[in-house]
Amino acid sequence: MKKRDFIKISGIAAGALIAGCKTAPADPATGRVKGAANAGGTIKLSYKPYELQLRHVFTVATNSRTTTPVVLTTLEYDGVTGYGEASMPPYLGESHESVLNFLSKVNMEQFSDPFLMEDILGYIDGLMPGNHAAKASLDIALHDLTGKLLGQPWFRLWGLNREKTPVTSFTIGIDTADVVKEKTLEASAFKLLKIKMGRDNDREMIDTVRSVTDVPVFVDVNQGWKDRNYALEMANYLSERGALFIEQPMPKEQVDDIAWLTERSPLPILADEALQTVEDLLPMKGVYSGINIKLMKCGGMHAAYKMITMARQMGMKILIGCMTETSCAVSAAAQLSPLVDWADLDGNLLISNDVYDGMTVVDGKITLPDRPGIGIIGKKSENL
C-alpha cells in the first residue's frame, strides 16, 4: 500500500474512533479499511428527474399541490455508489430545469479522493449562488458514498447515539374538519403532530385535532398571519391547547413584528422560511426562539451539522425538518436527529412512490438502520 493511502485511511479511521465508533476491519492483504477509497480513481456523477406523487392533496397557507418534483443523484467511486436527492417545493424557487442545469455544470471526475469533502463541497458551492437543493443532492450522495466506503453509518461517524433520536411529527395539512379528523385518526401511531395553519380556519384546525387526540402538537403557519396582535392571540389560544411551539407565524420580512411576538408569546417561535443557510443564522438571534433546519434549504448534511453546532452556541432550539422527499433525503436528515430538540421527518410517508427504504418510524420514534452511509437501500420494485 502506498504511503499516502495509509496516511489517508489511518486519518479517517482515527477520526471515526475519536467520534466514538469502530471502523470496518482492514483487509490484511492490502491494509485498506474494507471498502475504503482506492486513490487514483474518479468520482462519477449521474442523475435523473423524478416526480413524487402525494397520497393526499397537500395544502398550506399559500398553496395546494399533489406532486413534488425531485432529482435523484448518484456518485460512484471504486465500485461503490452513494445516493442523493434534490426536492423542489414551489417556495424554494428551484425546479427540474434549474437542478438539471446546475448538475450539468458539475465535474466530479476531477476528484480522485471522495474524502476531501471540504474541497469537493467548496467547489460545488462556488459553482453558482443559490441552488441549495441541487447542492444538497450532491452533499447527500457524497456522505452516503464515504460512509459506505468506511462501512459505517454517519450517525456513528459523528459519534451519535441512535437511541437518542426524537419522535417525529406527522403533518396534518389544512382541510375541512371531516378530512382533518380522518387524517388525525390515521396518524394515531405518531406521538407528535404538526398542524398546518394560516388561512381562515385556524381555530377549527386545532379544535378538530383536539376532538380526537391529546398528543402533543406544534403548528406551522407558513407566514400566514399578517397581524402581530392576532398572532399573539393565537399563540395564547394554542398554548392552552397543548401546542409546543409555532413555526414561521408571520412573513419573514416582518422582522420587528416577529421579535415583538417572540418576546410576548408563551410558546417558542421558530424560523423556517426566514432561514436557509448558515449565513442567515446570526440575524435570527433575538427575533426567533429557534430554527427549522432542512437539508434542501441549507445545502445538505455538512451545512446542517455546522448550523446545529452554531445554533446551540446561540442558545436556540432546533427542529430538523424536510420537504416532501423520498427516504433518501429523509434518512440523510435523520442521521443528525440525535442532536436536535424536535424532528419533522415525515416527507417520505406523504408519498406513494418512494424508491428507497431507509429510516423507519417505530412507535412514533425515528429508528435509524445500521446500514452504512445514510442507511438506505433501493426498493426491489424500482429501477434506480
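Table for the structure above
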item	result
Test: residue in segment 105-115 that is of a type in the set (Gly, Ala, Ser) and either without any contact (Cβ under 8 Å) to a residue 40 or more places away in the chain or outside any helix (DSSP H, G or I) (or both)	yes
Residue identified as free of Cβ contacts under 8 Å to residues at least 40 places away in the same chain and not assigned by TED's automatic domain parsing to the domain that holds TYR356 among GLY130, GLY151	GLY130
Odd one out for GLY378, checked against (1) crowded, with 24+ Cβ neighbours inside 10 Å; (2) under 18 Å from THR74 (Cβ atoms); (3) not acidic (Asp, Glu)	(1)
Residues of segment 323-353 satisfying the condition of being touching a Lys or Arg at 6+ places or on another chain (Cβ under 7 Å) and within 18 Å of SER87 (Cα to Cα)	MET323, ASP344, LEU350, ILE351, SER352
Segment 289-314 residues that are assigned by TED's automatic domain parsing to the domain that holds THR277 and farther than 15 Å from GLN335 by Cα, paired with ones that are of a type in the set (Asp, Glu) and part of a strand (DSSP E or B) (beta carbon under 7 Å, 6 or more apart)	ASN292/GLU247
Matching residues in segment 125-153 - criterion: being farther than 15 Å from GLY299 by Cα and either under 14 Å from the mean Cα position of the chain (by Cα) or among the aliphatic types (A, V, I, L, M) (or both)	LEU145, LEU149, LEU150
Number of the exception - LEU350 against (1) free of Cβ contacts under 8 Å to residues at least 24 places away in the same chain; (2) within 15 Å of the chain's Cα centre (by Cα)	(1)
Candidate set from segment 266-287 (those that are of a type in the set (D, E, K, R) and in a loop (DSSP other than H, G, I, E, B)); member that is farthest from the chain's Cα centre (by Cα)	GLU273
Odd one out for VAL57 among (1) at pLDDT below 85; (2) closer than 21 Å to ALA133 by Cα; (3) in contact with a strand residue (DSSP E or B) (Cβ under 6 Å, 6 or more places away or on another chain)	(2)
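The values are calculated or read from the model by the stated rules, or taken from the named source; none is laboratory data. Since the model is a prediction, treat every value here as computed from it, not as a measurement. With ideal geometry, Cβ positions are generated from the backbone for all residues, glycine too; neighbour counts draw on all protein chains shown.
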